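Written below as structure tokens is the structure these notes are about.
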């Protein structure tokens, strides 16, 4: 074992070994529970939720073009029901864990013969938001066993390892200090069930990967590129942490 | 209703009951001004002073419903409402909203060519920091009504470089 | 592609005060933001927004940078007869947008 391995083991021991053992904390609470009254009001009302503008755009994209999504998948309300709730997931074709954005792009390239959407492009966020909304209200339920297990374990180790100039792990805030104040904000448990979400800070809908990169920026750690495996695998781990919470897409977050 | 989100038990019961905001209801954290307001309460804004052109607005009927502490300065829900009756000739004609701290002082202007069925408008404003905003409503007979509201705007806990 | 969402009650009676809500996809660029290359992003807000109900203009608005991105507005009109509510807007870049929704008035 290298010194780094020793440090990681010590870190894991100090920062949430219950996580490694398999989640022994009280039922998870969605980020919306930690949000202010205004954010909750906006999320709970489709007329006010700016994320619905992206969902509407996604709905239009679903039926757009010579070989639209609708030509294979028909009515999204039935064909896409539950899909977001079980993603990220292991993809046999891609031989790795993929998230909803990856799935949409795979279809686009392989089935629609169109160029992939760029990560964080308005169209990809819109389509992802639209697909995710078809799982609204359903419990997050991802499979972290079998072929997905190594990815899950890598992400779990990432979650408890300290990094960045601030030398913090995800768990430092979202496990050890959830519920406590950080300046004027209350630290949430860091679940991803509200994503894609309209973040007031972004003034737009963004993906969970964007939120993770924002967190890494916040602790002054190096940012993996958009779409990197480490981020996708983290999404899987977060979905596992959020087991039982309902899909809130499009969420509204501060 | 306290805006302090650290009172978690209250939040838990809210979440459990899944309170749905129906019909565009705002979470009103402060309605009418707590104390009587006068023209001396108006923030110093050149555009506001120009629009008043020496006229003195009345206080009391116009109100600004806005949280005392904004979740994020990018989008703060605001309701501008006017109470009382509008006898013929005193219909609500326009509302203007001013900020002393934003780079652009006139935030918005609303004109009602037909009298609104309810004298209120909801929107979300963008505030460049803690400040006192002001609204001026003009009636058909030229009467001016004013209201002010103080809003605390904090910065994000973590920088977001994405 | 202009996207807007208009919310109206499914049906109202003549004389009712009708709640009108609209959400418009628009960045409401302040003119003070800087892009990744250090260039200032030009100001672009909703210089003019109008709402017509039937043949009457019921709202005129000018929304500046002090209004949040993806503006949301809620106001009330008096139900007269079934007809369309038509919103039209022009932004600082000269782009036009519009959205409409049908109001069903009984009686």
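The values are calculated or read from the model by the stated rules, or taken from the named source; none is laboratory data. Treat the numbers as computed from the prediction; the structure is a model and nothing was measured. As a convention, Cβ positions derive from the backbone with ideal geometry for all residues, glycine included, and neighbour counts pool all protein chains shown.
Taking the conditions exactly as written (surrounded by fewer than 23 Cβ atoms within 10 Å (Cβ to Cβ) and closer than 18 Å to residue B:110 by Cβ), does residue C:96 satisfy them or not?
Considered against the rule, which asks whether it is surrounded by fewer than 23 Cβ atoms within 10 Å (Cβ to Cβ) and closer than 18 Å to residue B:110 by Cβ, residue C:96 comes out as no.
Here's a check for you: in the stretch B:30-57, which residue that is under 14 Å from the mean Cα position of the chain (by Cα) and at pLDDT below 55 is nearest to the other protein chains (Cβ to nearest Cβ)?
It comes out as B:30.
Looking at this structure, is residue C:44 touching a strand residue (DSSP E or B) at 6+ places or on another chain (Cβ under 9 Å) and on the phi > 0 side of the Ramachandran plot?
no
Only one residue in B:27, B:5 is within 11 Å of another protein chain (Cβ to nearest Cβ), modelled with pLDDT under 95, closer than 22 Å to residue C:67 by Cα and touching a strand residue (DSSP E or B) at 6+ places or on another chain (Cβ under 9 Å). Which one?
B:27
Which is free of Cβ contacts under 8 Å to residues at least 12 places away in the same chain and out of contact with any strand residue (DSSP E or B) (no Cβ under 7 Å at 6 or more places or on another chain), of A:65, A:74?
Result of the check over A:65, A:74: A:74.
Take the stretch A:121-135 and flag every residue that is buried (at least 19 other Cβ atoms within 10 Å of the Cβ) and not in a helix (DSSP H, G or I).
Answer for the stretch A:121-135, where residues must be buried (at least 19 other Cβ atoms within 10 Å of the Cβ) and not in a helix (DSSP H, G or I): A:134, A:135.
Hey, any hits in the stretch C:37-60 for a residue that's within 20 Å of residue C:107 (Cβ to Cβ), over 11 Å from the mean Cα position of the chain (by Cα) and outside any strand (DSSP E or B)?
Yes - at least one qualifying residue is present in the stretch C:37-60.
Conditions tested, residue by residue: (1) modelled with pLDDT under 95; (2) surrounded by fewer than 20 Cβ atoms within 10 Å (Cβ to Cβ); (3) at the interface with another protein chain (Cβ under 10 Å from one of its Cβ atoms); (4) within 26 Å of residue A:200 (Cβ to Cβ).
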position: C:4; (1), (2), (3), (4): no, no, yes, yes
position: C:9; (1), (2), (3), (4): no, yes, yes, no
position: C:14; (1), (2), (3), (4): no, yes, no, no
position: C:17; (1), (2), (3), (4): no, yes, yes, no
position: C:31; (1), (2), (3), (4): yes, yes, yes, yes
position: C:34; (1), (2), (3), (4): yes, yes, no, yes
position: C:57; (1), (2), (3), (4): no, yes, yes, no
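Looking at the stretch A:41-79 only, could you name the residues that are more than 13 Å from chain C (Cβ to nearest Cβ), outside any loop (DSSP other than H, G, I, E, B), surrounded by fewer than 22 Cβ atoms within 10 Å (Cβ to Cβ) and in contact with a helix residue (DSSP H, G or I) (Cβ under 7 Å, 6 or more places away or on another chain)?
Residues satisfying the conditions are A:62, A:70, A:73, A:76, A:79.
Looking at the stretch C:89-107, which of its residues are at pLDDT 95 or above, assigned to a strand (DSSP E or B) and more than 14 Å from chain B (Cβ to nearest Cβ)?
Selection gives C:90, C:96, C:97, C:98, C:99, C:100, C:101, C:102.
So residue B:97 passes all but one of these: (1) at pLDDT 95 or above; (2) touching a helix residue (DSSP H, G or I) at 6+ places or on another chain (Cβ under 9 Å). Which condition number does it fail?
If we test residue B:97 against (1) at pLDDT 95 or above; (2) touching a helix residue (DSSP H, G or I) at 6+ places or on another chain (Cβ under 9 Å), just (2) comes out false.
Go through (1) under 28 Å from residue B:72 (Cα atoms); (2) part of a loop (DSSP other than H, G, I, E, B); (3) in contact (Cβ under 8 Å) with a residue 24 or more places away in the chain for residue C:19 and report which single condition fails.
That leaves (2) as the condition not met.
Kindly establish whether residue A:183 is at positive phi and over 15 Å from the mean Cα position of the chain (by Cα).
Spelling it out, residue A:183 is indeed at positive phi and over 15 Å from the mean Cα position of the chain (by Cα).
What's the total number of residues in the stretch A:173-215 that are under 23 Å from residue A:121 (Cα atoms) and more than 9 Å from every other protein chain (Cβ to nearest Cβ)?
So the count comes out to 12.
Would you please name the residue that is surrounded by the most Cβ atoms within 10 Å (Cβ to Cβ), looking only at residues in the stretch A:97-117 that are without any contact (Cβ under 8 Å) to a residue 40 or more places away in the chain and part of a loop (DSSP other than H, G, I, E, B)?
Filtering the stretch A:97-117 for residues that are without any contact (Cβ under 8 Å) to a residue 40 or more places away in the chain and part of a loop (DSSP other than H, G, I, E, B), the one surrounded by the most Cβ atoms within 10 Å (Cβ to Cβ) comes out as A:117.
Taking the condition without any contact (Cβ under 8 Å) to a residue 12 or more places away in the chain and within 12 Å of another protein chain (Cβ to nearest Cβ), does residue C:74 pass?
no
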